[in-house]
């Protein structure tokens, strides 16, 4: 479920279902189609200590994903598990730092041209010089 970061045991995810809010007519009053997938990060045996720390720092000790989009509880269960997996995967992702690059010759020339134009504009705003001394 975690892509490049390993696999998460489904037994570590608690799944609860309840009645869904929103449209659905009489069907919504009798079916528990809303699904909530809860993952306790600290109790996990699938994750290493650094992975747990990274998830807790970014998402907290409990990660929750909810789905109530579909009328089917089975489909909402799939959606909730997929959303939980996406959240965990995103929390485990390590961003590579950006490496500074050199400005292109064209961008340097544009910058210098803009500086010249700005200086000229400011010179034109000044009152004219007089010959009186």
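Taking the numbered list (1) at pLDDT 90 or above; (2) under 32 Å from the mean Cα position of the chain (by Cα) in turn, residue 95 passes all entries but (1). The criterion of at least 1 residues that are more than 28 Å from residue 12 (Cα to Cα) is met by the following helices (runs of 4 or more DSSP H) wholly inside segment 22-128: 26-30, 105-125.
Taken over segment 66-87, the criterion of being touching a strand residue (DSSP E or B) at 6+ places or on another chain (Cβ under 7 Å) and closer than 12 Å to residue 37 by Cα is satisfied by 66, 67, 68, 76, 77, 79, 80, 81, 83, 84, 87. Taking the listed residues 105, 79, 84, the one that is in contact (Cβ under 8 Å) with a residue 60 or more places away in the chain and either surrounded by 10 or more Cβ atoms within 10 Å (Cβ to Cβ) or more than 17 Å from the chain's Cα centre (by Cα) (or both) is 84, with no other qualifying.
Listed by first and then second residue, the pairs linking a residue in segment 9-32 that is loosely packed, with under 15 Cβ neighbours inside 10 Å to a residue that is outside any loop (DSSP other than H, G, I, E, B) and at pLDDT below 70, with Cβ atoms under 9 Å apart and 6 or more places separating them unless they lie on different chains, are 19/28; 19/29; 21/28; 22/28.
If you go through segment 57-74 and keep only what is loosely packed, with under 14 Cβ neighbours inside 10 Å and within 12 Å of residue 19 (Cα to Cα), you end up with just 72.
The values are calculated or read from the model by the stated rules, or taken from the named source; none is laboratory data. The structure displayed is predicted, hence computed values, not measured ones. Virtual Cβ from ideal backbone geometry, glycine too; neighbours counted across all protein chains shown.
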